[in-house]
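Notes for the one structure printed next.
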Amino acid sequence: VIKVAADENLTVPELGAVIEEAHRKHLKVAVHAVDKTSIQTAIDAGADSIEHGNETTDAQLKQMHDKGIFFDFTPTSYGDFFTKIVDGTIAMSLKLRPERRGSDERTRQRYNDLAQQLLKGAEFPDASDESRDRVYDSLVQRVLKSGVKFAAGSDMGWFYPGKTRGEASISRFPTLHKAGMPSLDVIRAITTNAAEMLGWQDRVGAIEPGKFADLVAVAGDPIADITELERVRFVMKGGQVVRNDLTSH
């Protein structure tokens, strides 16, 4: 899979050429597209999936459905999560975390610039705004109603104070349930659907013979309580148990 960021400067022929060449190499193309114009460019160019898609219209969802294009949910801005990760990342950037010390100078400068803005009293968008959540609720419900194939990702490129990258990522998915997606569909979005979107359905996404033995387990029922996904108790990687906090009965 390769990812292409689309904006108003990217034309359909340009993106189409990228997608054609990628498909010739048997690669999927995921397109970062947020506004209506870039989403339409991705659709017209024949993208395999659209990442984010915040401003997707109903007409565009119909086109995606007809063309078999995946919609990839990334609910990073839902609730106060964005505020937490931005504030945490900026604060930590004043003393670079060990895993960021190897970053290139441009990335390092970007974080430091953000930190200085915060220290000067700059205001950042309050992602806890209820109207923003209502807009995302509507998007989730419209995608479900449209019949478009969908998956979900975390878009977790940030530092979240007190959480590992995995913990921060999994914390995003219960918000899809809060927005109206049934728990089972949330689980499918991050397993079987995601595998199909990547073209890896023959290797991952389900517990079946011949697929990678990479598994996690929780103590409760995530269909009854989707937040159980945030309390992983068992991990298997490549058929080897690397964590087992479950008591045997």
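The values are calculated or read from the model by the stated rules, or taken from the named source; none is laboratory data. Keep in mind the model is a prediction, meaning the values are calculated, not measured. Cβ atoms come from the backbone with ideal geometry, glycine included; neighbour counts cover every protein chain shown.
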**Message:** Cβ-Cβ distance below 8 Å, separation of 6 or more or different chains: which pairs start in segment 2-22 with a residue that is assigned by TED's automatic domain parsing to the domain that holds Ala47 and in a helix (DSSP H, G or I) and end on one that is surrounded by 13 or more Cβ atoms within 10 Å (Cβ to Cβ) and polar (S, T, N, Q)?
**Reply:** Val12/Thr41; Leu15/Thr41
**Request:** Can you confirm whether segment 24-46 contains a residue that is within 29 Å of Ile170 (Cα to Cα), of a type in the set (S, T, N, Q) and either touching a residue at least 12 places away in the same chain (Cβ under 8 Å) or in the same structural domain as Arg142 (by TED's automatic domain parsing) (or both)?
**Result:** yes
**Message:** Looking at Lys145, Lys149, can you tell me which residue is touching a Gly at 6+ places or on another chain (Cβ under 8 Å) and either among the basic types (Lys, Arg) or more than 25 Å from Val1 (Cβ to Cβ) (or both)?
**Reply:** Lys149
**Request:** For segment 217-227, state whether one or more residues are in a loop (DSSP other than H, G, I, E, B), small (Gly, Ala, Ser), modelled with pLDDT under 95 and on the phi < 0 side of the Ramachandran plot.
**Result:** no
**Request:** Looking only at segment 169-188, decide whether some residue is in contact with a Lys or Arg (Cβ under 9 Å, 6 or more places away or on another chain) and modelled with pLDDT under 85.
**Result:** no
**Complete:** Picked from segment 228-249 (must be touching a Pro at 6+ places or on another chain (Cβ under 8 Å) and acidic (Asp, Glu)), the residue modelled with the lowest pLDDT is Glu230
